[in-house]
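The values are calculated or read from the model by the stated rules, or taken from the named source; none is laboratory data. On a predicted model such as this, the values are computed, not experimentally measured, just so you know. Cβ sites come from the backbone with ideal geometry, for glycine too, and all protein chains shown count toward neighbours. Accessible surface is based on the protein model in full, side chains and every heavy atom, while ligands, DNA and RNA are left aside. Shrake-Rupley method; radii C 1.70, N 1.55, O 1.52, S 1.80 Å.
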Amino acid sequence: MRRALARLSEWVGREETGTALALFRIGLGLCVLNVIVPMLSLGVHRLLLVDVSDGGYRTIRADWLLELLGGPSVAGVERLSVMTGLAGLLLALGLGGRVTAALTLVGCISLFKLNTEAGGGHDRLLTNGLWLVVLSNSTATLSLDCLLRTRRLLSDRAVSAWPRFLAVYQLVIVYTATGSQKMGVDWMPWGGFSAVYKALLMPSWRRFDMSWIGPLYPLTQLFTVLTLIFECGAVVWLLSAWFRDTRDRPGRVRATFNRLDLRRVWAVMGIGMHLGIQLFMNVGPFSWVTLSFYACLWHPDEWARLGRRIVGRRLGISGRSR
Amino acid sequence: MSSRWHGLRVAFVVFHALAVTLLSVPSPVGARQDSTWTDPHVRQQVLGGLEPFRGLLGDRDDDAVIALARALSSSFLDLRDAVIAPFLPYTRAVGAGQGWQMFGSLNDRPARLRIRVASSVSGPWQTIYLARDPELAWRRELMDEERTRALVNNWSWERDRSQYKLFTKRWARLVAEDHPEAAVVEFAMMRFKVPAPDELQPGVDPPARESWVERVAVPAQEPR
């Protein structure tokens with residue numbers, strides 16, 4: 001027990017450069033814009049998020065923030081949306097540190113709870129991510145804050161690593177929870193593994209006419225099985241991190257994990273799944289929000305190496321952990 | 001950094017991890033509502049999911065199996081509610097709520113929203129919108145926007161008809177803005193059975209029947 005606590009304490013005390021958290025921040029900031037801009041430009045908020053007394057379809061209750069901004073009226077909701085959108089933009093640009101992150105978070109919380117019937121899992125995942133950004137120093141690098149502080153866009157300033165670890169943990173939680181709840185008969189062998197086939201035909205979510213997929217049914221069955229394996233097996237990411245961290249210890253399973261880098265295998269599966277969902281279905285920004293979390297799967301050193309490979313020159317950051 | 005501050009940080013990380021873990025434990029949607037357990041789709045899903053285990057359930061008939069599932073769900077929810085209660089104020093305040101049931105079961109009989117207009121109740125009716133139809137595409141961008149889709153999806157599952165009625169009243173006014181000739185706007189959820197792969201015909205919509213038909217005279221309410 002004492003050894004476990006010591007390890008936990010050491011793990012929480014770790015520091016690293018801020019590249020991964022910065023990418024996470026940028027992704028979430030862009031996702032906020034992806035939510036706000038279409039909603040405002042199409043006027044959806046006037047119908048779904050505004051109280052019936054001002055043109056909405058149902059009674060809407062305002063929380064403290066919306067009351068400050070004018071209540072559940074068109075003007076109030078638009079102020080809240082614009083504020084949240086601007087905060088999201090500043091978050092993506094990395095200006096204002098945790099204050100901007102907190103403003104984006106409270107704006108999103110206030111906005112999303114106006115009508116939870118018109119929301120989805122992406123709202124919850126977005127606010128979960130934004131809270132982790134508030135907890136982290138996500139503008140240490142790749143940000144206007146960094147530019148103002150150092151006159152460079154990149155910095156190897158050390159930041160706490162634990163928010164990144166919690167982001168990975170949240171990702172594993174999402175997949176494990178959703179995988180374990182796929183209990184409908186369509187996910188089962190005795191249901192023909194027909195879940196993906198049926199999901200692609202759901203009128204609420206399909207992006208275009210999918211009546212051509214009949215002959216591809218065996219492929220959809222395979223994707224059903226792969227989805228279950230991927231989601232229920234997402235704990236692989238935690239195991240990979242543990243085995244990498246303890247690579248000096250013996251063990252065949254540990255050696256296999258470290259040799260094969262199953263973290264990457266699972267990430268490729270996940271990226272493929274989400275891009276496939278994005279191509280054939282319209283489930284809002286869920287795929288983009290989730291993929292933002294993927295930035296945290298890799299250590300900043302690994303992102304720095306990738307950056308050097310892409311740019312073809314030294315970026316001038318060390319990515320050293322301490 | 002002082003050891004006390006670090007200790008607090010460790011405690012917070014553990015608290016947060018515990019909170020999101022416990023809250024992510026499945027909470028069956030609608031498990032406490034009577035309507036859930038009389039819903040034919042829910043019954044089919046529960047019975048279908050338990051089919052391989054019927055031997056373990058003795059000679060219980062379908063109603064008894066549903067009653068058992070309901071009792072177990074209720075007990076589980078009571079336990080879950082007690083366990084997560086201390087964490088709820090925190091997760092609500094910081095947006096760390098969980099709840100990841102996504103496509104847990106698929107709707108065998110989904111529905112598409114259809115909107116028709118007529119200059120009188122006796123018709124003739126003109127269809128102006130059918131969900132995901134490329135030609136019957138009134139205000140398509142608005143209807144395809146993800147929050148509108150999410151809302152309409154509830155009614156594909158025949159959930160919350162009261163909200164549907166409120167929606168149709170408001171949407172009728174919107175329709176009237178674009179179709180001033182209309183005296184009546186009709187909304188319906190066109191329910192169809194998902195075809196089996198060998199029944200699916202490219203470019204052909206499966207036969208659908210109307211449900212939740214709502215006709216709204218326009219202007220339906222006092223204008224803003």
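A few points about this structure:
- Number of residues in region B:19-50 that are within 25 Å of the chain's Cα centre (by Cα) and assigned to a helix (DSSP H, G or I): the value is 21.
- In region A:43-62, the residues that are away from chain B (no Cβ under 11 Å) and in a loop (DSSP other than H, G, I, E, B): A:60, A:61, A:62
Table: residues versus (1) under 16 Å from the mean Cα position of the chain (by Cα); (2) farther than 30 Å from residue A:286 by Cβ; (3) open to solvent by less than 20 Å² (accessible area, probe 1.4 Å).
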residue	(1), (2), (3)
B:120	no, yes, no
B:129	no, no, yes
B:141	no, no, no
B:149	yes, no, yes
B:157	yes, no, no
B:160	yes, no, no
B:164	yes, no, yes
B:179	no, yes, no
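- Checking residue A:271 against (1) more than 22 Å from the chain's Cα centre (by Cα); (2) surrounded by fewer than 20 Cβ atoms within 10 Å (Cβ to Cβ); (3) not aromatic (Phe, Trp, Tyr), the condition it does not meet: (1)
- Boolean, residue A:228 is open to solvent by 20 Å² or more (accessible area, probe 1.4 Å), at pLDDT below 95 and either within 9 Å of chain B (Cβ to nearest Cβ) or assigned to a helix (DSSP H, G or I) (or both): no
- One residue from A:292, A:211 being of a type outside the set (D, E, K, R), surrounded by fewer than 19 Cβ atoms within 10 Å (Cβ to Cβ) and in contact with a Gly (Cβ under 8 Å, 6 or more places away or on another chain): A:211
- The single condition among (1) surrounded by fewer than 22 Cβ atoms within 10 Å (Cβ to Cβ); (2) in a loop (DSSP other than H, G, I, E, B); (3) modelled with pLDDT of 95 or more that residue A:139 does not meet is (1).
- Answer from A:111, A:90, A:86, A:130 - the residue that is in a helix (DSSP H, G or I), over 22 Å from residue A:307 (Cβ atoms) and within 17 Å of the chain's Cα centre (by Cα): A:130
- Odd one out for residue A:221 among (1) open to solvent by 30 Å² or more (accessible area, probe 1.4 Å); (2) touching an Asp or Glu at 6+ places or on another chain (Cβ under 8 Å): (2)
- Condition check for residue A:54: open to solvent by 10 Å² or more (accessible area, probe 1.4 Å), of a type in the set (Asp, Glu) and either closer than 28 Å to residue A:97 by Cα or touching a Leu at 6+ places or on another chain (Cβ under 9 Å) (or both): no
- Boolean, residue A:145 is in contact with a Gly (Cβ under 6 Å, 6 or more places away or on another chain), more than 29 Å from residue A:233 (Cβ to Cβ), more than 8 Å from chain B (Cβ to nearest Cβ) and open to solvent by 10 Å² or more (accessible area, probe 1.4 Å): yes
- Among the residues of region A:157-204, the ones that are open to solvent by 20 Å² or more (accessible area, probe 1.4 Å) and more than 24 Å from residue A:233 (Cβ to Cβ) come to 3 in all.
- Conditions (1) at negative phi; (2) open to solvent by 20 Å² or more (accessible area, probe 1.4 Å): number failed by residue A:70: (1)
- Selection within region A:187-236 - under 28 Å from residue B:155 (Cβ atoms) and of a type in the set (Gly, Ala, Ser): A:191, A:192, A:194, A:195, A:199, A:204, A:211, A:214
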